[in-house]
Ligand code: SAH
Ligand code: SF4
């Protein structure tokens, strides 16, 4: 007679779950080493091996004793998510499709420019917020990324450019949390991953070069200001609540006035009073692109230290929204300029490989079943425009 499951369970050694050191902040790594009775400088050494040398094999950590390396192998691991593919755009932009535990895939994009290299990373698998113009939102939501999966995107990109290590030139100079997901809805993991980006023994990026973009989860934005001082971008996209309710549904919970107050408080908490927030405004043809919208926006932001970033809507399959013309973009920008604002137009990069803002969709095992509803709605009736 064959053994029952219960018998097998009794006879087999229980599997030890190893701690993935990749996602531990410097503080958490120090605690891990304290727990196994090791001195704090061991944590510093391992932090550097992982994030500055790109090493994921304890045997290569030559300044650790053989005994410690063996102990680490028993209890810990360094595991980045798996790269499925890398696509390179004609304009130099690269996009990685990265498989995470559970089988879903996320996307990470690198945008090289003359004076910097910006990595756009994801914070969640899909997004629960369902903004009407965003491909990620239409994919539904699966789960939050772990801190290891978030920092793993930086690790993978930097390693692929050979730009890890003390002597390497820094290819990834800026990181923006503008990929898939709403970073403030995955607060703890995002904060841990950002702390590694900023840490001297991690990636050593300045707080001005790490930007978190949010659609406006106000209570979490207030918490962020207490624990971090990275650059902040808010996704506004409309100058009044009526229109914003249609485009960014979370506005019904946290309307514009609440969001702007919270952004002001964030700036006030910064030690350096010259900081500005970035206001993102995706311009959609015939939706939020009229002259009146530009005037209303200029007035709304008149007392907020900010720069306005105009993003031409990037199309994706299943959306009936249309991109604005270059003339509209310039006209909108000029109205803001004339009202005394700094406004720039974000150049679209990588749209030949669907790597532009809002086009990132990955492969989300959607738990909300929103993607199904969206596809059905798409077949039956066109997505309605906002007037
Ligand atoms: N969830 C966060 C960060 C990810 S989205 C947020 O909403 O801010 C990053 C930026 O891309 C946001 O400003 C978002 O509004 C914008 N975006 C989303 N879909 C877009 C599209 N189809 N075209 C252009 N920009 C888009
Ligand atoms: Fe989520 Fe941001 Fe897309 Fe809105 S724009 S659905 S918050 S990822």
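Quick check on region 119-140: of everything there that is near ligand 2 (Cβ under 9 Å from one of its atoms) and in a strand (DSSP E or B), which residue is modelled with the lowest pLDDT? Residue satisfying both the conditions and the ranking: 126. Within region 308-333, the residues that satisfy the criterion of being out of contact with any helix residue (DSSP H, G or I) (no Cβ under 8 Å at 6 or more places or on another chain) and away from ligand 1 (no atom under 14 Å from the Cβ) are 325, 326, 327, 328, 330, 333. Checking residue 186 against (1) modelled with pLDDT under 95; (2) within 16 Å of ligand 2 (Cβ to nearest atom); (3) within 19 Å of residue 81 (Cβ to Cβ), which single condition isn't satisfied? Only one criterion is unmet by residue 186, namely (1). What do you reckon, is residue 259 under 17 Å from residue 132 (Cβ atoms), within 13 Å of ligand 1 (Cβ to nearest atom) and touching a strand residue (DSSP E or B) at 6+ places or on another chain (Cβ under 8 Å)? Considered against the rule, which asks whether it is under 17 Å from residue 132 (Cβ atoms), within 13 Å of ligand 1 (Cβ to nearest atom) and touching a strand residue (DSSP E or B) at 6+ places or on another chain (Cβ under 8 Å), residue 259 comes out as no. Is it the case, given these coordinates, that residue 337 is surrounded by fewer than 17 Cβ atoms within 10 Å (Cβ to Cβ), in the same structural domain as residue 215 (by TED's automatic domain parsing) and not in a loop (DSSP other than H, G, I, E, B)? Spelling it out, residue 337 is indeed surrounded by fewer than 17 Cβ atoms within 10 Å (Cβ to Cβ), in the same structural domain as residue 215 (by TED's automatic domain parsing) and not in a loop (DSSP other than H, G, I, E, B).
Conditions (1) at pLDDT below 95; (2) within 20 Å of residue 119 (Cβ to Cβ); (3) more than 21 Å from the chain's Cα centre (by Cα); (4) outside any loop (DSSP other than H, G, I, E, B), marked per residue:
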{"residue": "53", "(1), (2), (3), (4)": "yes, yes, yes, no"}
{"residue": "59", "(1), (2), (3), (4)": "no, no, yes, yes"}
{"residue": "63", "(1), (2), (3), (4)": "no, no, yes, no"}
{"residue": "67", "(1), (2), (3), (4)": "no, no, yes, yes"}
{"residue": "70", "(1), (2), (3), (4)": "no, no, yes, yes"}
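Can you find even one residue in region 146-158 that is at pLDDT 95 or above, within 20 Å of residue 109 (Cβ to Cβ), out of contact with any strand residue (DSSP E or B) (no Cβ under 6 Å at 6 or more places or on another chain) and within 14 Å of ligand 1 (Cβ to nearest atom)? Yes, that holds for at least one residue.
Looking only at region 107-136, residues that are out of contact with any helix residue (DSSP H, G or I) (no Cβ under 6 Å at 6 or more places or on another chain), buried (at least 22 other Cβ atoms within 10 Å of the Cβ) and within 14 Å of residue 213 (Cβ to Cβ) come to 5 in all.
For residue 202, state whether it is within 16 Å of ligand 2 (Cβ to nearest atom), assigned to a loop (DSSP other than H, G, I, E, B) and within 20 Å of residue 175 (Cα to Cα). Spell out how you get there, then give the answer.
Numbers: within 16 Å of ligand 2 (Cβ to nearest atom): no; assigned to a loop (DSSP other than H, G, I, E, B): yes; within 20 Å of residue 175 (Cα to Cα): yes.
Against the criterion (within 16 Å of ligand 2 (Cβ to nearest atom), assigned to a loop (DSSP other than H, G, I, E, B) and within 20 Å of residue 175 (Cα to Cα)), residue 202 does not qualify.
Evaluated against (1) at pLDDT 95 or above; (2) part of a helix (DSSP H, G or I); (3) within 11 Å of ligand 1 (Cβ to nearest atom), residue 181 falls short on exactly one condition, (2).
Mind checking which residues of region 247-277 are within 14 Å of ligand 2 (Cβ to nearest atom) and surrounded by fewer than 21 Cβ atoms within 10 Å (Cβ to Cβ)? Hits for region 247-277 are 249, 252, 253, 254. Whether any residue in region 310-323 is touching a residue at least 12 places away in the same chain (Cβ under 8 Å), more than 15 Å from residue 235 (Cα to Cα), surrounded by 19 or more Cβ atoms within 10 Å (Cβ to Cβ) and more than 25 Å from the chain's Cα centre (by Cα) is what I want to check. No; the residues of region 310-323 include none that is touching a residue at least 12 places away in the same chain (Cβ under 8 Å), more than 15 Å from residue 235 (Cα to Cα), surrounded by 19 or more Cβ atoms within 10 Å (Cβ to Cβ) and more than 25 Å from the chain's Cα centre (by Cα).
Here's the yes/no breakdown for (1) farther than 30 Å from residue 273 by Cβ; (2) surrounded by fewer than 19 Cβ atoms within 10 Å (Cβ to Cβ); (3) under 15 Å from the mean Cα position of the chain (by Cα):
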site: 157; (1), (2), (3): yes, no, yes
site: 181; (1), (2), (3): yes, no, yes
site: 190; (1), (2), (3): no, no, yes
site: 200; (1), (2), (3): no, yes, no
site: 213; (1), (2), (3): no, no, yes
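How many residues are touching a helix residue (DSSP H, G or I) at 6+ places or on another chain (Cβ under 8 Å) and either outside the structural domain of residue 297 (by TED's automatic domain parsing) or in a helix (DSSP H, G or I) (or both) when one looks only at region 210-242? Reasoning before the result, please.
In the first step, residues of region 210-242 are kept if they are touching a helix residue (DSSP H, G or I) at 6+ places or on another chain (Cβ under 8 Å); the result is 210, 212-218, 220-232, 234, 236-241.
This time we only want the ones that are either outside the structural domain of residue 297 (by TED's automatic domain parsing) or in a helix (DSSP H, G or I) (or both), so: 218, 220-227, 241.
Number satisfying all stated conditions: 10.
The values are calculated or read from the model by the stated rules, or taken from the named source; none is laboratory data. Not measured: the values here are computed from a predicted model. All Cβ positions, even for glycine, are placed from backbone atoms using ideal geometry, and neighbour counts span all protein chains on display.
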